[in-house]
Amino acid sequence: MKINLIKHETEGRPNYQNIFMSDDSIGQLPENGCSEIIMANSNIDYISNSTLDIILSKLRHSAILEIESADCLEVARAAHLGLIDENQMSELLANGKHRLTHVVQVNNYLQEKGLAIEFASTNQSLYHIRARRP
């Protein structure tokens with residue numbers, strides 16, 4: 001089962017089950033039943049670590065988790081250097097989020113939870129992590 005966790009219908013992807021990010025929707029996914037879960041568009045910043053742990057429990061062995069989000073440290077650096085203005089910074093960092101994350105923080109958390117990091121990088125103010133459950 002390939003899952004794309006979304007906040008808005010416009011985030012849907014073909015060939016994936018597009019599931020709205022809510023505790024009820026996530027809870028209904030089978031334990032160890034997902035071969036791939038995508039969390040793009042800074043969706044990780046709208047959930048708690050306990051909800052992230054539930055999402056991780058849905059990954060089957062050898063499954064892939066992909067996360068793409070604004071890196072709060074890179075956004076702050078870009079604002080400081082004048083590469084983005086205050087409105088762009090607010091859009092990337094605020095916008096109803098529950099928390100701010102950065103690539104090292106999420107990378108370390110996923111490793112602590114036993115996932116193997118295949119790829120982690122930042123590109124301007126966004127980070128992308130690809131991890132696999134062993």
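Read-outs throughout are calculated quantities, based only on the coordinates presented, and are distinct from any laboratory measurement. Quantities reported herein were computed from a predicted structural model and do not represent experimental measurements. Virtual Cβ from ideal backbone geometry, glycine too; neighbours counted across all protein chains shown.
Once C-alpha pairs closer than 8 Å and six or more residues apart are averaged by separation and normalised to the residue number of region 2-132, the relative contact order reads 23 percent. Approximating the spin labels as points 7 Å out from Cα along Cα→Cβ, the Phe119-to-Glu36 distance works out to 1.1 nm. So what's the gap between the Cα centers of region 66-134 and region 1-64, to the nearest angstrom? So the two Cα centres are separated by 18 Å. In the chain, with Lys and Arg counted as +1 and Asp and Glu as -1 at Cβ, which of these residues, Ala78, Ser42, Leu59, has the Cα nearest the positive end of the dipole, that is, farthest along it? The residue sitting farthest along the positive end of the dipole is Leu59.
Taking every alpha-carbon pair under 8 Å whose residues sit at least 6 apart, region 14-89 reaches a relative contact order of 32 percent.
Among [x] 7.8; [y] 8.7; [z] 14.1, which one is mean projected area of the Cα convex hull in nm² computed from these coordinates? Calculated mean projected area of the Cα convex hull in nm²: the matching label is [x]. Each of Ser48 and Gln111 was given a label point 7 Å from its Cα along the Cα-to-Cβ line. The distance between the two points is 2.7 nm.
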